[in-house]
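I have placed the structure first, in the form of structure tokens, so that the comments after it can refer back to it.
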Amino acid sequence: QVQLVESVGGLVQLGGSLRLSCAASGSIFSINAIRWYRQAPGKQRELVAAITSGGSTNYADSVKGRFTISRDNAKNTVYLQMNSLKPEDTAVYYCNADLQPDPSAKEYDYWGQGTQVTVSS
């Protein structure tokens, strides 16, 4: 059984930093693209950042220059370094991975449970 487990978020002040991690465990053959999404109260879930298996990244315009996504393939873990946080970054953050559990299986879409990030002004 594959699981994506996110680190605990937290409460940070305006301008502060926080690093989220998301570790995949279980039966894993390969992990392709990994993404961080977020959902604020009353809003749709939005893509924040993504990283391919080769390390190419892309970001939402709202976080460019402030957030950095990275991955450690040996640990099956993805990180989201968030700097210069703003109140509008407050949301539940979810990791999402395109993952192949074994060589004979197709690729599946997996989600973490979500972690709350709150930025106070």
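Some observations on this one:
- Relative contact order (%) - region 41-121, alpha-carbon pairs under 8 angstrom, separation at least six: 21 percent
- Solvent-accessible area of the chain (1.4 angstrom probe, protein heavy atoms only): carbon and sulfur portion equals 47 percent.
- Extension gain (nm, one decimal) between D109 and E46, 0.36 nm per residue minus Cα-Cα: 21.1 nm
- Taking θ as phi - 60° and the Karplus parameters 6.51, -1.76 and 1.60, the scalar couplings of region 13-27 work out to 8, 3, x, x, 10, 7, 10, 9, 10, 9, 10, 8, 9, x, 7 Hz in sequence order, x denoting glycine and proline.
- Among N83, N73, N58, residue whose mean-square fluctuation peaks in a GNM of the chain (springs only between Cα atoms under 10 Å): N73
- Taking every protein chain into account, the accessible area of the chain amounts to 53 square angstrom per residue (probe 1.4 Å).
The values are calculated or read from the model by the stated rules, or taken from the named source; none is laboratory data. From a predicted model like this one, the values you see are computed outputs, not experimental measurements. To get the accessible areas, we keep the full protein, side chains included, count just its heavy atoms, and leave off ligands, DNA and RNA. Shrake-Rupley method; radii C 1.70, N 1.55, O 1.52, S 1.80 Å.
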